[in-house]
Amino acid sequence: AKTISKCYVQVTGMTCASCVANIERNLRREDGIHSILVALMAGKAEVRYNPAVIHPSTIAELIRELGFGATVMENCGEGDGILELVVRGMTCASCVHKIESTLMKTNGVLYCSVALATNKAHIKYDPEVIGPRDVIQVIKDLGFSTLLVKKDRSASHLDHKQEIRQWKRAFVVSLIFCIPVMGLMIYMMVMDSQLSDAHAHHNMTSEEMDALHSSMVLEYQLLPGLSVMNFLSFLLCVPVQMFGGWHFYIQAYKALKHKTANMDVLIVLATSIAFLYSFVILLVAMAEKAKVNPVTFFDTPPMLFVFISLGRWLEHIAKGKTSEALARLISLQATEATIVTLGPGNVLLSEEQVDVELVQRGDIVRVIPGGKFPVDGRVIEGHSMVDESLITGEAMPVTKKPGNTVIAGSINQNGSLLISATHVGADTTLSQIVKLVEEAQTSKAPIQQFADKLSGYFVPCIVAVSVITLFAWIIIGFVDFEIIEKYFLVSESISAAEVIIRFAFQASITVLCIACPCSLGLA
C-alpha cells in the first residue's frame, strides 16, 4: 500500500468559485495527487499526495502556474477537531477514568479530558480518522448519555444594546441639567457686561437701573457668601456628578487599580476637582460671611459630561451597526442537518437528524427543497436551483447538478439534493466570513494603537502640567502681585495670599478641564 501524506497550501488571488474549480480540476490530473480540497474564504488548499511521486513544493509550483500565489504552510496542525460534551451519568473518578482511557485508546482521538465536577468532556480528534458522532457513540457504548455543549449562535457578545442604552441615559441626564446651568452662565455674562458698561458711562436711565437690579437677583445672597446663582448651579451639578458620571467613576477606579491612566481618569479628575474646589470655596465664603460672591466652576462638570457621553453614545451606535450585520450573518447558518446512509447503487438505507456541529467530513447530507445547506459540500445526486445571494449577492438562483459545489447557508429551491460534506464546522465559507469580520472588529488600526499608547502617557503629563501651573502662579503671585491683580477682580475682603492661591487654582483646574476631553481619545 502506498503511503499518503497531507499538506496545506496557502493560495492567494482566488476570487470566486470558478477559481476553486479550476485549481481542483487541474491538480487532480497530476500524478501522485490523491485528492485536493480548496477553501475559498480561508484561501487554503488541502492536498493529499503520494510523497514518493510528488513533493509539496511541486504542488505549490503547479498552483502558481495556474496564475495564483501559493506557498506551502508549515506545521499546519489545523487538522484537529475539538468537541465539547456534557456527559451525564458519571458518579465517581473511576467513571471519568473509564471514559478517558477508552477514548484515548480509540484511533483518531488525540487528547481527552473529562471533569467530574462540571460533567464536561473536552476532546481533540483528527477529523480524517474519526468524527464527533463516532466519539459520542463510544461514550454511549460505555453507558453514559451525552449532550453537545451548544455554541452561542445568537452572537450575544456582539450586542451593544445595553451600552447604547447606558450612554444614552447618561447623555440625557447630563443634558437636562446642563441646559439650565449654561442658561444661568450666559445670563450672568450678559449682565456683567451691561454692568461694566453702566459703570463706564455713569449716566443711566431708571429703566436700565431696574434691569441691573433684576440681574442682582441671581447675585442675591440667601446666606452670607451663598448667592442664588451658586446655589442653583450646585443643585444642578450634583445629579450630573452622581448619575451622569457614574460609569466614568467605575471605569476610572478600575484603571487606577491596574495602575494605568486612561481617558476616564482624566475626566473624573477634572470634574471632581472642579466640583470639590467650587464646593469648598462656597463653604469658605459662607464661613467668612463674604460680601462678594466667589467664582465657582459648577458649570464645568455638566458640560464635560454632556460632550463626552454624547461621544461614547455615538461610538457604541456605530459599533452596534457592524455587529448587527455580523449577527445577521451568523443567524443564516442552519442548525440541523439530515444525514443519510447510502447502500450500494446509492440506495437510501437510513437517515437521521443531527446537530450541524456533528456533521463530519465525507458525510452524505440530504437537503430538501426550501432547506438551507448546513455545510459546504459537493452535489452527488439530484438537480436543483440554489439561491446563493448571501455569499455572491446574485439574486438569480444558480443551477446545481452532480459535481457542483454548494455553500453553507444558501437556500435550496426546487429539487432534493444529496451532497457530500467537504467543509464542516469552522471551515465553512460562512464561518470563515464571520471569523474575518470578527477579526476586523477586534484588531485595531495601527494609528489607534498609537493613540492608545499616547493617551497612556497623556494623562500623567496633563496632571503634571496642571500641578506645575498651580505652583508657577503661586510663585509669580508672591514675587509680583500686580500681574495677578490685572486678571483677578480683587475685592477688599480677601487677603493677597488668598487671591494668589485662588487664581493659581483656577489656572490649574482650567488646564485639567481643557485637556480633559482629550481630542485624541474622542477622535
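(1) aliphatic (A, V, I, L, M); (2) within 25 Å of GLU388 (Cβ to Cβ); (3) not in a helix (DSSP H, G or I): which one isn't true of LEU342, the others all being true?
Looking at each condition in turn, LEU342 falls short on (2).
If a residue has to be touching a residue at least 40 places away in the same chain (Cβ under 8 Å) and surrounded by fewer than 19 Cβ atoms within 10 Å (Cβ to Cβ) to count, how many in region 43-55 make the cut?
4
Please find, among ALA337, ALA318, ALA285, the residue that is touching a strand residue (DSSP E or B) at 6+ places or on another chain (Cβ under 9 Å) and either open to solvent by 70 Å² or more (accessible area, probe 1.4 Å) or over 30 Å from LEU184 (Cβ atoms) (or both).
Exactly one residue qualifies, and that residue is ALA337.
Looking for whichever is outside the structural domain of ARG361 (by the TED database) and open to solvent by 20 Å² or more (accessible area, probe 1.4 Å) here; the options are ALA121, ALA117. Which one fits?
Testing whether each residue is outside the structural domain of ARG361 (by the TED database) and open to solvent by 20 Å² or more (accessible area, probe 1.4 Å) leaves just ALA117.
When both residues are 6+ apart or on different chains and their Cβ atoms are under 8 Å apart, which pairs have a first residue that lies in region 470-487 and is under 14 Å from GLN506 (Cβ atoms) and of a type in the set (Ser, Thr, Tyr), and a second that is open to solvent by less than 50 Å² (accessible area, probe 1.4 Å) and in a helix (DSSP H, G or I)?
Short answer, once both residue conditions are applied: TYR487/PHE503.
Within region 199-307, which helices (runs of 4 or more DSSP H) (wholly inside it) include 2 or more residues that are modelled with pLDDT of 75 or more and in the same structural domain as VAL181 (by the TED database)?
228-239, 246-257, 263-288
Assess whether GLY69 counts as being more than 25 Å from VAL434 (Cα to Cα), free of Cβ contacts under 8 Å to residues at least 60 places away in the same chain, outside the structural domain of VAL375 (by the TED database) and surrounded by fewer than 17 Cβ atoms within 10 Å (Cβ to Cβ).
So GLY69 fails the test.
Could you please find all residues in region 1-13 being open to solvent by 60 Å² or more (accessible area, probe 1.4 Å) and of a type in the set (Ser, Thr, Tyr)?
Those that are open to solvent by 60 Å² or more (accessible area, probe 1.4 Å) and of a type in the set (Ser, Thr, Tyr): THR3, THR12.
How many residues are in contact with a Leu (Cβ under 9 Å, 6 or more places away or on another chain) and assigned to a loop (DSSP other than H, G, I, E, B) when one looks only at region 372-389?
3
For region 391-411, which positions are more than 24 Å from GLU24 (Cα to Cα) and either outside any loop (DSSP other than H, G, I, E, B) or touching a Lys or Arg at 6+ places or on another chain (Cβ under 7 Å) (or both)?
ILE411
Are any residues in region 14-42 over 16 Å from GLU128 (Cβ atoms), at pLDDT 85 or above and open to solvent by 40 Å² or more (accessible area, probe 1.4 Å), and if so, which ones?
Result: ASN22, ARG25, ARG28, ARG29, GLU30, ASP31.
For region 32-40, indicate whether the set of residues that are touching a Gly at 6+ places or on another chain (Cβ under 9 Å), over 27 Å from LEU436 (Cα atoms) and assigned to a strand (DSSP E or B) is non-empty.
No, region 32-40 has no match at all.
In region 404-427, which residues are small (Gly, Ala, Ser) and open to solvent by 50 Å² or more (accessible area, probe 1.4 Å)?
SER416, ALA426
Taking the residues in region 362-390 that are more than 26 Å from PRO127 (Cα to Cα) and among the β-branched types (Val, Ile, Thr) as candidates, determine which candidate is surrounded by the most Cβ atoms within 10 Å (Cβ to Cβ).
Looking at residues that are more than 26 Å from PRO127 (Cα to Cα) and among the β-branched types (Val, Ile, Thr), I get VAL386.
Kindly indicate which of LYS453, LYS435 is at pLDDT 75 or above, part of a helix (DSSP H, G or I) and over 26 Å from PHE297 (Cβ atoms).
The conditions single out LYS435.
Among the residues of region 25-42, how many are touching a residue at least 12 places away in the same chain (Cβ under 8 Å) and more than 38 Å from the chain's Cα centre (by Cα)?
The number of residues fulfilling the criteria is 8.
Report yes if some residue within region 94-103 is farther than 30 Å from VAL9 by Cβ and among the acidic types (Asp, Glu); otherwise report no.
Checking region 94-103: at least one residue is farther than 30 Å from VAL9 by Cβ and among the acidic types (Asp, Glu).
The values are calculated or read from the model by the stated rules, or taken from the named source; none is laboratory data. Owing to the predicted nature of the structure, the values given are computational and were not obtained by experimental measurement. Backbone-built Cβ (ideal geometry, glycine too); neighbour counts: all protein chains shown. In case anyone asks, the SASA skips ligands and DNA or RNA and just uses the protein heavy atoms, side chains included. Shrake-Rupley method; radii C 1.70, N 1.55, O 1.52, S 1.80 Å.
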